[in-house]
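Q: Below is the structure I would like to discuss, written out as structure tokens.
The values are calculated or read from the model by the stated rules, or taken from the named source; none is laboratory data. From a predicted model like this one, the values you see are computed outputs, not experimental measurements. Counting neighbours? That spans all protein chains shown, and the Cβs are built from the backbone with ideal geometry, glycine included.
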Amino acid sequence: GAGVSQSPSNKVTEKGKDVELRCDPISGHTALYWYRQSLGQGLEFLIYFQGNSAPDKSGLPSDRFSAERTGGSVSTLTIQRTQQEDSAVYLCASSPEAMNTEAFFGQGTRLTVV
Amino acid sequence: DAKTTQPNSMESNEEEPVHLPCNHSTISGTDYIHWYRQLPSQGPEYVIHGLTSNVNNRMASLAIAEDRKSSTLILHRATLRDAAVYYCILRDVYMEYGNKLVFGAGTILRVKS
């Protein structure tokens, strides 16, 4: 079976443009996470979806960031009016359920804002 | 959220065992101890998790102190491929909303040949 798939793998965008990053979780996984990792830094939690519950958006750095998860499967992270400080690797992970199960990570999308 | 403390970095020789410590003095009774690692230029990968008893799997062993205030990830024979950042994370199984996976700074493990 396929793992967590993220697209695109690389994205270069101009400052001020909007970007959409996609995450295809492992089929049947109810929990989905988005993280951001700037160069040489740790993983910064952004948002967490669990089943049909309202997402935990506590990690989103500003209102330019939003995410949705349609049909409990595919998720899209949208960054509006991108800034240079948004440049980072954006990682998605999914797990079968929220509690005490292994989370599987995608390879990430490397976003560069020029 | 219960916090963990790990050394910033450690170094090991290839083929030797590595003991990676983690302190979690404020751990609650329902917190599981999870370990992940992140190889260079890759997303994190799960290593092992446990509650009270020591745990073994094909990748590593997890030794948990009797009072659960600390734990140690043991790599029995380090290889160059084990060079990575290792994260110790607490997850409360009974949090009402489920529990998000939050990473700290981790320990950078360097393996010398």
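Q: Listed residues A:L111, A:L91, A:L77; which is within 14 Å of another protein chain (Cβ to nearest Cβ) and crowded, with 18+ Cβ neighbours inside 10 Å?
A: After applying the criteria, what remains is A:L91.
Q: Name the residues in the range A:63-94 that are at pLDDT below 95 and either in a loop (DSSP other than H, G, I, E, B) or more than 14 Å from the chain's Cα centre (by Cα) (or both), would you?
A: A:G71, A:G72, A:S73
Q: Here's something else I'd like to know. Give me the residue from the range B:26-69 that is at pLDDT 95 or above and among the small types (G, A, S) and, out of that set, nearest to A:L39 (Cα to Cα).
A: B:A60
Q: Which residue pairs have Cβ atoms closer than 8 Å, lie 6 or more positions apart in sequence or on different chains, and pair a first residue in the range B:3-28 that is touching a residue at least 40 places away in the same chain (Cβ under 8 Å) and at positive phi with a second residue that is assigned to a loop (DSSP other than H, G, I, E, B) and surrounded by fewer than 16 Cβ atoms within 10 Å (Cβ to Cβ)?
A: If the second residue must be assigned to a loop (DSSP other than H, G, I, E, B) and surrounded by fewer than 16 Cβ atoms within 10 Å (Cβ to Cβ), the pairs left are B:E15/B:R77; B:E15/B:T79.
Q: Working carefully through the options A:F65, A:F45, A:F104, find the one that is of a type outside the set (G, A, S), at the interface with another protein chain (Cβ under 10 Å from one of its Cβ atoms) and over 14 Å from B:K100 (Cβ atoms).
A: On the way: A:F65 fails: at the interface with another protein chain (Cβ under 10 Å from one of its Cβ atoms); A:F45 fails: over 14 Å from B:K100 (Cβ atoms).
After applying the criteria, what remains is A:F104.
Q: Would you point out which residue out of B:D67, B:D82 is away from chain A (no Cβ under 14 Å), within 17 Å of B:T26 (Cα to Cα) and either loosely packed, with under 13 Cβ neighbours inside 10 Å or in contact (Cβ under 8 Å) with a residue 40 or more places away in the chain (or both)?
A: Numbers: B:D82 fails: within 17 Å of B:T26 (Cα to Cα).
Matching residue, one of B:D67, B:D82: B:D67.
Q: Which count do you get for residues in the range A:45-74 that are touching a Lys or Arg at 6+ places or on another chain (Cβ under 9 Å), surrounded by fewer than 19 Cβ atoms within 10 Å (Cβ to Cβ) and in contact (Cβ under 8 Å) with a residue 40 or more places away in the chain?
A: 1
Q: Let me ask you something else. In the range B:34-49, which residues are part of a strand (DSSP E or B), of a type outside the set (S, T, Y), touching a residue at least 12 places away in the same chain (Cβ under 8 Å) and within 10 Å of another protein chain (Cβ to nearest Cβ)? Walk me through it before giving the result.
A: Residues of the range B:34-49 part of a strand (DSSP E or B): B:34-38, B:45-49.
Then drop every residue that is not of a type outside the set (S, T, Y), which leaves B:34-35, B:37-38, B:45, B:47-49.
Checking which are touching a residue at least 12 places away in the same chain (Cβ under 8 Å) leaves us with B:34-35, B:37-38, B:47-49.
Hits for the range B:34-49 are B:H34, B:Q38, B:V47, B:I48, B:H49.
For (1) part of a loop (DSSP other than H, G, I, E, B); (2) farther than 16 Å from A:D56 by Cα; (3) at pLDDT 90 or above; (4) touching a strand residue (DSSP E or B) at 6+ places or on another chain (Cβ under 8 Å), each residue gets a yes or a no:
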{"position": "B:S71", "(1), (2), (3), (4)": "no, yes, yes, yes"}
{"position": "B:V85", "(1), (2), (3), (4)": "no, yes, yes, yes"}
{"position": "B:M95", "(1), (2), (3), (4)": "yes, no, no, no"}
{"position": "B:G98", "(1), (2), (3), (4)": "yes, no, no, yes"}
{"position": "B:A105", "(1), (2), (3), (4)": "yes, yes, yes, no"}
{"position": "B:L109", "(1), (2), (3), (4)": "no, yes, yes, yes"}
